[in-house]
Each structure stands twice: as C-alpha cells, then as structure tokens.
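J.: Let me begin by handing over the structure; questions about it come next.
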Amino acid sequence: KIANELCGLIKKCDIMLDLHSTHCKGDEPFVFCDYPKENNLKLIDVIDVKYVLEGWPDIYAGQSEIEDFSTERACFEYGKSGTTLECGYHKEVGAQNVAYDAVVNALKVFGLIDGQKPQSISKTHILMKNFVIKKKEGKLLKEYKHLDRVYKDEVIARYDDGQILVAENDGYILLPNLKCGIGAEWYYFGVKKL
C-alpha cells in the first residue's frame with residue numbers, strides 16, 4: 001500500500017530526495033548514487049555527508065533472492081531523478097540536522113528557494129560489491145557498524161556449524177544487520193572507488 005502511494009508521488013515529481021534514518025547508534029550518514037544522472041549527481045554533490053554508496057542496482061542484477069524495490073529504481077523507471085539519504089541514527093538530533101540541511105541545499109541548488117547556491121562537498125565513494133544472505137543460524141563476529149573497515153581474509157561471520165565468512169578484499173562492511181533472521185540480508189560489502 002505504501003509503495004503504491006509513493007510511486008504515485010514519484011511519478012509527479014521532477015527530483016526526489018528520500019530521507020531515511022538508521023537503527024544503529026553511531027551510524028555515519030551517507031547517500032546512495034544508484035543512477036548517476038546529471039540531476040542526481042548535482043543533488044548528491046551538495047549533500048553534507050562524507051560517504052556515497054554506488055552500485056546498488058548492480059549487486060541485485062542476475063540473482064533471484066532479493067529484488068530492488070528502492071525509490072531510486074522507481075525514479076529511474078519513471079524517467080525522474082532521485083537519491084536516498086541515510087541521515088544517521090534516528091534517535092540522534094544530528095540526524096534531523098542532516099535531513100534539514102539536505103532539503104535546504106537541494107532547494108537552493110535547483111533554484112527553488114533564494115540563497116547562495118551550496119558548494120560541492122568532498123566525499124568518499126564506495127562501490128558496493130555484494131551482499132550476504134544469512135542461510136542458517138550464526139552470528140557476526142563483531143558488533144559491526146555501517147562503514148566499518150575490514151581487511152582481506154578477516155573473518156566477518158561464523159555459522160553455528162563452524163562455517164566462516166571472510167572478507168575477499170580490503171573494504172567496508174555496509175548496512176550490517178545485527179539481528180538478522182535467516183533468509184534476510186546480513187550485511188553488504190564494498191570497496192573504496194578509485
């Protein structure tokens with residue numbers, strides 16, 4: 001029901017800024033760049049966060065376990081522009097400030113309100129490489145936070161039967177689910193984009 005309502009709104013807009021908050025204390029705010037169209041890049045450029053995640057659509061292509069129902073995908077399919085901003089932990093006041101500043105900067109950069117156009121903000125771009133579905137009972141070996149660094153061959157998770165999951169390269173743990181149920185996305189993995 002909610003998705004159908006959102007799709008109707010997305011069809012009517014020119015540019016969408018989808019604001020989210022995270023459920024883990026201390027999560028760093030970040031923005032997605034799923035479809036690097038001109039207006040998406042213009043919007044992302046003025047959002048005051050350190051990290052941009054790229055490659056979300058590509059990690060879902062060619063597999064059947066999870067389908068991408070993101071608002072960015074809807075924007076892309078309707079010929080619109082849009083991005084999702086994860087503003088940080090939803091119980092921290094700072095997350096509200098990230099959201100507010102992003103809205104104001106978006107309105108300014110597209111000339112919808114008066115004020116000096118915001119400057120570009122330097123960011124680290126991380127390319128999402130894959131995701132891990134939790135197949136059986138097990139646990140992550142640390143209480144990972146989003147954007148925690150991991151290193152090649154580091155053990156990330158262990159199933160109760162002893163099977164381990166390791167980092168294939170140096171990179172980042174993305175969107176870890178510390179309370180993940182079997183059959184859900186446990187964590188994502190990404191590398192710094194050069």
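J.: Hey, could you check region 47-59 for residues that are buried (at least 18 other Cβ atoms within 10 Å of the Cβ) and over 13 Å from THR84 (Cα atoms) and say which is modelled with the highest pLDDT?
T.: My answer is GLY55.
J.: Sort through GLU72, GLU92 and tell me the only one that's closer than 20 Å to TYR35 by Cβ, modelled with pLDDT under 95 and not aliphatic (A, V, I, L, M). So that I can check it myself, show each step before the final result.
T.: Values: GLU92 fails: closer than 20 Å to TYR35 by Cβ.
None of the others qualify; the one that does is GLU72.
J.: Continuing with the same structure: Mind checking whether some residue in region 113-135 is among the aromatic types (Phe, Trp, Tyr) and open to solvent by 90 Å² or more (accessible area, probe 1.4 Å)?
T.: First, pick out the residues of region 113-135 that are among the aromatic types (Phe, Trp, Tyr): 131.
Applying the additional criterion that residues be open to solvent by 90 Å² or more (accessible area, probe 1.4 Å) yields none.
The answer is no, given that none of the residues of region 113-135 is among the aromatic types (Phe, Trp, Tyr) and open to solvent by 90 Å² or more (accessible area, probe 1.4 Å).
J.: Next question. For the condition free of Cβ contacts under 8 Å to residues at least 24 places away in the same chain, touching a helix residue (DSSP H, G or I) at 6+ places or on another chain (Cβ under 8 Å) and of a type outside the set (Lys, Arg), what is the one hit in GLU67, GLU72?
T.: On the way: GLU72 fails: free of Cβ contacts under 8 Å to residues at least 24 places away in the same chain.
Just one listed residue meets the conditions, GLU67.
J.: Among the numbered criteria (1) open to solvent by 20 Å² or more (accessible area, probe 1.4 Å); (2) in contact with a strand residue (DSSP E or B) (Cβ under 6 Å, 6 or more places away or on another chain), which single criterion is violated by VAL93?
T.: (2)
J.: Here is a further query. From the list VAL103, VAL155, VAL150, pick out the single residue that is open to solvent by less than 90 Å² (accessible area, probe 1.4 Å), within 18 Å of PHE32 (Cα to Cα), at pLDDT 95 or above and β-branched (Val, Ile, Thr). Lay out the reasoning, then the answer.
T.: Details: VAL155 fails: within 18 Å of PHE32 (Cα to Cα); VAL150 fails: within 18 Å of PHE32 (Cα to Cα).
One residue alone meets the criteria, VAL103.
J.: Scan region 160-179 residue by residue and report those that are farther than 16 Å from TYR51 by Cβ and open to solvent by less than 10 Å² (accessible area, probe 1.4 Å).
T.: Listed by number, the list holds a single entry, ALA167.
J.: Also, I was wondering about something else. Taking the condition of being closer than 21 Å to LEU194 by Cα and in contact with an Asp or Glu (Cβ under 8 Å, 6 or more places away or on another chain), how many residues in region 56-78 meet it? Quick ask: steps written out before the conclusion?
T.: Residues of region 56-78 that are closer than 21 Å to LEU194 by Cα, as a first pass: 56-59.
From what is left, the residues that are in contact with an Asp or Glu (Cβ under 8 Å, 6 or more places away or on another chain) are 56-57.
Here the count works out to 2.
The values are calculated or read from the model by the stated rules, or taken from the named source; none is laboratory data. What you see is a predicted model, and the numbers here were worked out from it, not measured in a lab. Positions of Cβ are backbone-derived with ideal geometry, glycine not excepted, and every protein chain shown enters the neighbour counts. Side chains are part of the model used for accessible areas, which takes the heavy atoms of the whole protein and leaves out ligands, DNA and RNA. Shrake-Rupley method; radii C 1.70, N 1.55, O 1.52, S 1.80 Å.
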